[in-house]
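Everything on this sheet refers to the single structure shown next.
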Amino acid sequence: VKDQKERKRIDDLKDAMRRERGYLYPEWEFLAENDVEFMEAYNNLYNRALRDGKALPGKTRELIAIALLAYRGLENAVYEHVKRALRLGATKQELLEAIDSCIIPGGAPTFSTGLRALMRVDEEKKAN
């Protein structure tokens, strides 16, 4: 049984992650509930890697993450990071060019994964 202080710590972490990313994977929620210290460490690393750095803004870091996730074939992750990149100021053209740049080193499957995720976001925007 978690005490009130521990419950607040867990809930605050999950809320912060949802706000920052726009989503919270069930696996992350499970980890926060069962090993909050590890989830806090992971969250700190995540933020350090994908927020503004000394030379690269968060938007650019997201474009890099999108390319790597597309290469790994993780369409849902690409989709979530496309949405995050847009919130950080990326344009549709920047996203398209980041995905375009994947075709040579990553091949057609990488390119298609990125395009499908971008199309999904684009279709959602048109529907709203």
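The values are calculated or read from the model by the stated rules, or taken from the named source; none is laboratory data. Note that this is a predicted model, so its numbers are computed, not measured. Neighbour counts run over all protein chains shown; Cβ positions are idealised from the backbone, glycine included. What goes into the accessible areas is simple: the full protein's heavy atoms, side chains included, and nothing from ligands, DNA or RNA. Shrake-Rupley method; radii C 1.70, N 1.55, O 1.52, S 1.80 Å.
Which percent of Cα pairs goes in each bin when the distances of the chain are cut into 10 angstrom slices starting at zero?
Spelled out per bin, shortest first, that is 13, 38, 31, 15, 4, 0.
Rank these residues by their accessible area, most exposed first, probe 1.4 Å: Arg84, Arg9, Arg19, Arg61.
In descending accessible area the options line up as Arg19, Arg9, Arg61, Arg84.
Compute for region 2-46: radius of gyration divided by Kirkwood radius, i.e. Rg/Rh, restricted to C-alpha atoms, rounded to two decimals.
Ratio value, two decimals: 0.93.
For region 1-87, with only Lys/Arg (+1) and Asp/Glu (-1) charged at the beta-carbon, what is the dipole magnitude about the Cα centre, in debye rounded to 20?
480
In vacuo Debye scattering of region 73-122, one point per C-alpha: log10 I(q)/I(0) at q = 0.23, 0.24, 0.27 Å⁻¹?
The calculated log intensity ratios at q = 0.23, 0.24, 0.27 Å⁻¹ are -0.77, -0.83, -1.02.
Under 10 Å, Cα contacts only: if you run a Gaussian network model on the chain, which one of Pro57, Pro109, Pro26 comes out with the highest mean-square fluctuation?
Highest fluctuation among the options: Pro26.
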